[in-house]
Amino acid sequence: MSSNQSPKIAIVAGEHSGDLLGAGLMQAIAKRHPNATFIGVGGPLMAEQGMNSFFAMDDLAVMGIAEVFQQLPKLLKHRKNLVNYLISEQPDVMIGIDAPDFNLTVEARLKKAGISTVHYVSPSVWAWREGRIKGIRKAVDHVLCLLPFEKDFYDRHQLPATFVGHPLADDIPMQWQQTEARNELELEPDATYLAILPGSRKGEIARMAPVFLKVANKLAKKYPGLRFVAPMISEARATQFRELVEQYSPELDIALPVGESRKVMAAANYLLLTSGTVALEALLIKRPMVVAYRFHWLSYQIIKRLFHAPFFSLPNLLAGKEIVPELAQSEASEEAIEHALVRLIEQDNQPLLEQFTSIHQQLKVSASEKAADVVESFL
């Protein structure tokens with residue numbers, strides 16, 4: 001093992017969000033140990049912090065069952081070579097960031113070889129396949145949780161875990177001024193805006209945009225002063241969405257900024273969005289929202305049987321009760337979504353925004369520093 005003054009730390013991140021977490025963690029560790037060396041797999045942000053990546057991180061960022069199946073031989077080869085390399089390097093600690101299907105196996109093999117392992121970002125075992133906790137215990141000495149209820153889950157299962165807070169809560173300001181965001185996006189300073197966020201993937205937009213646009217049509221008739229804006233993750237998704245506007249609501253005047261989703265949320269008065277991290281961003285930006293989601297019908301049959309969390313949107317999971325309307329599958333009808341939005345528009349949302357602020361404060365505890373504290377205990 002290397003001496004504590006110049007620790008050798010292995011980190012494996014599988015996608016952009018993991019690269020972000022990894023870079024923050026590396027920065028926090030380097031402050032304490034300027035001579036630390038970092039090995040493993042990371043993206044461009046981790047490379048800036050001195051990570052020499054064993055193979056390209058993009059090789060791990062594979063979505064969907066069919067895609068994973070095609071890439072399987074390459075992934076298995078990568079995994080085998082990486083495990084051999086890390087065991088030969090004998091790092092003081094190995095930190096797997098997210099990507100549980102890949103990382104937990106790597107961690108299990110390293111732990112068996114006597115190397116300490118930490119997993120950063122809890123797999124969502126609290127929501128499904130609770131049985132996986134056995135596999136996690138075999139693979140991991142310590143779990144770093146982004147959400148407080150995750151730590152409670154590991155405490156119940158007697159697996160060491162630390163709540164480190166959510167990096168998004170460190171990133172997003174407590175107060176994001178609407179006027180400023182509108183100026184930057186060149187939106188009308190005094191209009192009322194509904195932001196529509198139908199997802200970032202092609203399939204999601206194909207499923208969600210038609211119903212969201214039909215709802216927007218009805219609201220435009222009901223509230224003639226209401227304006228619409230829909231941020232898109234890329235030019236390709238903006239083109240896809242524009243075609244759907246032509247098809248479902250050609251009358252609707254809707255702005256489509258690209259790559260500005262957080263700023264658009266800050267500029268808006270109300271949000272209609274799909275489930276996922278975007279709902280957490282909306283909470284942290286503190287705008288009233290309606291969350292609606294429709295799965296592919298086959299996926300839904302599977303999810304229905306396996307999913308056992310009380311809510312599917314992060315604001316409600318964090319609050320431990322329904323504070324934002326969440327509508328899934330058949331409940332995500334035009335009528336129900338419209339009804340929920342009308343309620344938001346007509347009611348006083350101040351109590352809701354206060355709840356958002358208190359959740360933000362709870363999650364904002366310097367994630368990278370807290371994660372580095374735990375890593376420190378293994379050096």
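The values are calculated or read from the model by the stated rules, or taken from the named source; none is laboratory data. What you see is a predicted model, and the numbers here were worked out from it, not measured in a lab. Cβ coordinates were reconstructed from backbone atoms using ideal geometry, including for glycine residues, and neighbour counts include every protein chain displayed. Side chains included, ligands, DNA and RNA excluded: accessible areas come from the protein's heavy atoms. Shrake-Rupley method; radii C 1.70, N 1.55, O 1.52, S 1.80 Å.
Loop-only GluC sites (Glu not before Pro) in segment 182-232, please: DSSP not H, G, I, E or B, and at most 11 other Cβ atoms within 10 Å.
Working: sites: Glu184, Glu186, Glu204; in loops: Glu186.
Of the GluC sites (Glu not before Pro), the ones in loops of segment 182-232 whose Cβ has at most 11 other Cβ atoms within 10 Å are Glu186.
Under 20 Å Cα to Cα from Lys304, which aspartates and glutamates show up? Leave out anything in the same chain fewer than 8 places away.
Within reach: Glu130, Glu204, Glu322, Glu326, Glu331.
Looking at the square roots a ≥ b ≥ c of the eigenvalues of the Cα gyration tensor of segment 1-50, which shape do they give, rounded for a/c under 1.5, prolate if a/b is larger than b/c, or oblate?
Values: a/c = 2.62, a/b = 1.79, b/c = 1.47.
Note, shape of segment 1-50 comes out prolate.
For segment 157-300, what number of Lys pairs, 8 or more residues apart or on separate chains, have alpha-carbon atoms under 23 Å from each other? Each step should come with its number before you reach the end.
Working: Lys202/Lys214; Lys202/Lys263; Lys214/Lys222; Lys263/Lys286.
So the count of such lysine pairs works out to 4.
Give the carbon-plus-sulfur fraction of the accessible surface of the chain in %, rounded to a whole number; probe 1.4 Å, heavy atoms of protein chains only. Don't skip to the end; give the middle numbers.
Details: 9090 of 17630 Å².
That share works out to 52 percent.
Let's test this: bin the Cα-Cα distances of segment 208-298 at 10 Å from zero up to the farthest pair and state each bin's percent.
15, 49, 33, 3
Label Ile233 and Val342 with points 7 Å out from Cα along Cα→Cβ: what is the distance between them in nm?
Roughly 3.3 nm, to one decimal.
Classify the chain as rounded, prolate or oblate from the Cα gyration tensor: take a ≥ b ≥ c as the square roots of its eigenvalues, call it rounded if a/c is under 1.5, otherwise prolate when a/b beats b/c and oblate if not. It would help to have the intermediate numbers written out before the result.
On the way: a/c = 1.96, a/b = 1.83, b/c = 1.07.
Prolate shape, in that a/c is at least 1.5 and a/b is the bigger ratio.
Pull out a ≥ b ≥ c, the square roots of the eigenvalues of the alpha-carbon gyration tensor of segment 262-379, then state rounded if a/c is under 1.5, prolate if not and a/b is larger than b/c, and oblate in the remaining case.
On the way: a/c = 2.40, a/b = 1.32, b/c = 1.82.
Here segment 262-379 falls in the oblate category.
What whole-number value in Å² describes the accessible area per residue of the chain for a 1.4 Å probe? Working shown, then result.
Values: 17630 Å² over 379 residues.
Computed with neighbouring chains in place, this is 47 Å² per residue.
Near Lys134, which lysines are there with a Cα under 18 Å away, not counting those fewer than 8 places off in the same chain?
Once the sequence-local lysines are set aside, what remains near Lys134 is Lys111, Lys112, Lys151.
Gly199: net charge of surrounding residues, Cβ under 11 Å, Lys/Arg +1, Asp/Glu -1, itself excluded?
Working: positive: Arg201, Lys202, Arg207, Arg237, Arg294; negative: Glu204.
My count for the surroundings of Gly199 gives +4.
I'd like the distance separating the alpha-carbon centroids of segment 242-302 and segment 180-240, in whole Å.
7
Sum -39500 (n - 2.57) across every DSSP H segment of at least 4 residues in the chain, then divide by the residue count to get the 222 nm mean residue ellipticity, nearest 500.
On the way: 17 runs with 193 residues, N = 379.
It comes out at -15500 deg cm²/dmol, rounded to the nearest 500.
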